[in-house]
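One structure is given below, encoded as structure tokens.
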Amino acid sequence: MRKNTFFSLLFILLVISSCGAKDKDGDGFTPPDDCDDGNSNIHPNSIEYCFDGVDNDCDGIADVGPICDLECKETDDYIFCPNVPYKIMSGVDPSLLSVDLYFPKELRSSDREYPVMMYVHGGGWTIGDKSNTHSKDEFFTENNYIFISVNYRLTSFDFSTGYHNGIKYPHHNEDLASAINWVYDNIRYFRGDINNLLLMGHSVGGGMVAAVGTNERFLETEGLTLNNIKCVVVLDHAGLNITERMSNCLEPVPENTCDGYIAVFGYDPLTRYVASPINNIESNKNIPKFFLVTKNNPFSISRSKVFADKLSKNSIYNKLLTVDYTHRQINVRFGDDRDTIMTPYVYEFLETKCTR
């Protein structure tokens, strides 16, 4: 009661102090948004990102709490807020448990809510970074989506020495679920529409969004359900069927592509089975709609088609698109203005099946 009374009085005092207030330091802000008024050297470019109109902690940013007190900047294309933590774990590099936020520039002057696209990078669970967005950030913000790129803990190993950092399945997916929970709890402060929450991933990032989008345990651990995800976009997957992919992975072999899978999923057949998104598809689980993009390669097409067919057999809406791009080109060219064979079809899916 005392706390509520204190903040009520603080708000009243701030409002009263702002009546007839002048911009003393010429930085474009007046109290209560600019409680350093009079000192032009402090927060000259403060921008209100959370829209409550009160700078509660007197740092020059009008916020609704610590989560909104971000280091952000405006570019020609969007508002960019990097390295926002979604959880903290002792001994873990904070950047691995953070997201980058990209907002449409019109967001500051608009009252509408925006669909939210969360993107997960690839890299074989061992490398990669959320900065690897290529044209996606600009594409989505230009089309009035909030775009969020996610980092997660990475596996590090060396079979020749026996070294392994202990990060393996299901840690990567658990991190993604934690990031989704953070977004669900906080993106409304930035006019994000939690009823239009979308996932996209490339390569193993595609496998991760497929896993979280089919295996309810990850979101349920965070207090969410599969109903909280509207649609999933998989850009040239890796990891839709771990069991099938690892069927010939008997032991670590130097420079063998099996090594990364073994480091992440180990040798236990049950772990591999449960980790495979295809084995978690069921008609009674409210699995979101899927859009699968695959390169024009017989193995990739076959694996994608088997996954799409199982979705269809369980009455889950899906689209499968084959493109004449390499694995890398699918990642690099999505969202590029020059791409006419992939981006327009995914965007149509999002606009007609996911955000309306």
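The values are calculated or read from the model by the stated rules, or taken from the named source; none is laboratory data. In this text, all values refer to a predicted model and were calculated from it rather than measured experimentally. No Cβ is skipped: glycine too gets one built from the backbone with ideal geometry, and neighbour counts run over all protein chains shown.
Some points to look at:
- Test result for Leu224, touching a Cys at 6+ places or on another chain (Cβ under 6 Å), closer than 29 Å to Val293 by Cα and of a type outside the set (Val, Ile, Thr): no
- Test: residue in segment 262-280 that is free of Cβ contacts under 8 Å to residues at least 24 places away in the same chain and farther than 30 Å from Ser160 by Cβ: no
- Any chance Tyr152 is assigned to a strand (DSSP E or B), buried (at least 21 other Cβ atoms within 10 Å of the Cβ) and of a type in the set (Phe, Trp, Tyr): no
- Meets criteria (at pLDDT 90 or above and among the β-branched types (Val, Ile, Thr)) for Val233: yes
- A count restricted to segment 268-286 and to residues that are polar (S, T, N, Q) and farther than 12 Å from Ala211 by Cβ stands at 4.
- From the options Glu220, Glu138, Glu142, residue that is free of Cβ contacts under 8 Å to residues at least 12 places away in the same chain and of a type in the set (Asp, Glu): Glu220
- Residue check for Phe157: under 22 Å from Arg108 (Cβ atoms) and surrounded by 20 or more Cβ atoms within 10 Å (Cβ to Cβ): no
- Residue check for Gly128: touching a helix residue (DSSP H, G or I) at 6+ places or on another chain (Cβ under 9 Å), under 16 Å from Asn331 (Cα atoms) and assigned by TED's automatic domain parsing to the domain that holds Arg245: yes
- For segment 288-324, the tally of residues that are in contact (Cβ under 8 Å) with a residue 60 or more places away in the chain and either in contact with an Asp or Glu (Cβ under 9 Å, 6 or more places away or on another chain) or more than 30 Å from Asp339 (Cβ to Cβ) (or both) stands at 5.
- Some residue of segment 114-122 being crowded, with 17+ Cβ neighbours inside 10 Å, touching a residue at least 40 places away in the same chain (Cβ under 8 Å), of a type outside the set (S, T, N, Q) and in a loop (DSSP other than H, G, I, E, B): yes
- Verdict on Phe140 being surrounded by 20 or more Cβ atoms within 10 Å (Cβ to Cβ), of a type outside the set (Gly, Ala, Ser), in contact with a strand residue (DSSP E or B) (Cβ under 9 Å, 6 or more places away or on another chain) and part of a strand (DSSP E or B): no
- For Ala211, the stated conditions do not hold, so it cannot be described as touching a Ser or Thr at 6+ places or on another chain (Cβ under 6 Å), within 29 Å of Ile341 (Cβ to Cβ) and of a type outside the set (S, T, N, Q).
- Test: residue in segment 189-210 that is buried (at least 20 other Cβ atoms within 10 Å of the Cβ), at pLDDT below 95 and part of a helix (DSSP H, G or I): yes
- Among the residues of segment 164-184, those identified as assigned to a loop (DSSP other than H, G, I, E, B) and either surrounded by 18 or more Cβ atoms within 10 Å (Cβ to Cβ) or not assigned by TED's automatic domain parsing to the domain that holds Val84 (or both) are Ile167, Lys168, Tyr169, Pro170.
- In segment 54-92, the residue that is modelled with the lowest pLDDT out of those that are in a helix (DSSP H, G or I) and in contact with a helix residue (DSSP H, G or I) (Cβ under 8 Å, 6 or more places away or on another chain) is Ile67.
- Selection status of Thr161, of a type in the set (S, T, N, Q) and either modelled with pLDDT of 95 or more or in a strand (DSSP E or B) (or both): no
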